[in-house]
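The structure appears below as structure tokens.
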Amino acid sequence: MSTGRSGTRMGPAELVQAAAMARRFYLEGKSKIQIAEEFGVSRFKVARVLETALERDLVRIEIRVPAELDAERSDALRARYGLRHAVVVESPADAEADTPDPENLGEVAADLLGELVNEGDVLGLAWGRSTIHMAAALHQLPPCTVVQLTGVYDAGTAERGSVEAVRRAAAVSGGEAHPIYAPMLLPDTATANVLRGQTGIARAFEYFDKVTVAAVSIGSWEAGISTVYDMLTEQERAHYAGLGAAAEMSAHLFDAEGRRIGRDLGERCITVEADRLRRIPEVVAIAGGRRKAPAIGAVLRSGLVTSLVTDTAAADHLLLETGPGPRPALDRADPDGV
């Protein structure tokens, strides 16, 4: 006979009845009222029996998610930063190499987009290794329009980078593609303004206010982990570092508190404006790796993103931050109050 955690023995009749009620409730999906009617008892009696079945280990509830997903960290990260969705995946086994944005982030992000995008939506994709990995992993999307939100890192690799990502997503969804055939960073504002006026680029920009779901990448302000950093001169890098640059997203720079800095840089870039990003209902950031964790935290404080796909290495750092939690990301508040 079962004693379980309470230490009180259950008789055979109690055991049989409890097992039967538990089977009806947990496996057959019957309500407590239906079970009460079947056994000729009150629904309160059913509730007590089901509770006792758990206490005595007659019923054990196991919550299982795919091995690569960390449900506990995901929920903790969502709660701390006030996100709509937070999905944490296991870091690669060779995490000591600390490779930013492991490819499995893109695979999980592709599945998340499959959940978030609805028929008729406009999906925006920004430049980034993680968004390119995500697009390559897409297998299913409802019919939607896909627009590129930034220029390309290197015009010579456009066909293998963000342009191809936009085309791939549009092909999977069966919708229209609006790529941008232009560099992300231009020598000066005047050149950037000329390019923005070109027909193909202007057409893509017209869709920015219609974007309903966007996928973006995050970079740390260091070589090899920020495409914008890599495109600038040493003097320019030092200048923005002196302003407190800690993170970059879609050519927008942020300090550690999520405040935008170096706004002049955006004027030289082909990219979606920060105010437009803030108005997009769902902005999913895809970024991971321990080295990127501080940058991810900075962007989460900016009010520009609503959801995050990251890995355990970055999540552990983000969850260890001390002090009061940041303002909920879903408030979409600008830390500058601008």
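The table below lists the values:
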{"read-out": "Positions within region 20-78 being in contact (Cβ under 8 Å) with a residue 24 or more places away in the chain, in a loop (DSSP other than H, G, I, E, B) and of a type in the set (D, E), in sequence order", "value": "D57, E68, D70"}
{"read-out": "Subset tally (residues that are buried (at least 24 other Cβ atoms within 10 Å of the Cβ), modelled with pLDDT under 95 and touching a Ser or Thr at 6+ places or on another chain (Cβ under 9 Å)) for region 107-125", "value": "1"}
{"read-out": "Qualifying residue in region 138-151 (condition: surrounded by fewer than 19 Cβ atoms within 10 Å (Cβ to Cβ) and outside any loop (DSSP other than H, G, I, E, B))", "value": "no"}
{"read-out": "Looking only at region 45-103, and only at residues there that are closer than 16 Å to A314 by Cα and hydroxyl-bearing (S, T, Y), the one that is modelled with the lowest pLDDT", "value": "T99"}
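Table: residues versus (1) open to solvent by less than 30 Å² (accessible area, probe 1.4 Å); (2) closer than 27 Å to V122 by Cα.
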{"position": "I180", "(1), (2)": "yes, yes"}
{"position": "G200", "(1), (2)": "no, yes"}
{"position": "F208", "(1), (2)": "yes, yes"}
{"position": "V211", "(1), (2)": "yes, yes"}
{"position": "A215", "(1), (2)": "yes, yes"}
{"position": "L232", "(1), (2)": "yes, no"}
{"position": "H239", "(1), (2)": "no, no"}
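The values are calculated or read from the model by the stated rules, or taken from the named source; none is laboratory data. What you see is a predicted model; the values in this text were computed from it and never measured. In this analysis, Cβ positions are derived from the backbone assuming ideal geometry, glycine residues included, and neighbour counts consider all displayed protein chains. The accessibility values were calculated without ligands, DNA or RNA, using every heavy atom of the protein model including side chains. Shrake-Rupley method; radii C 1.70, N 1.55, O 1.52, S 1.80 Å.
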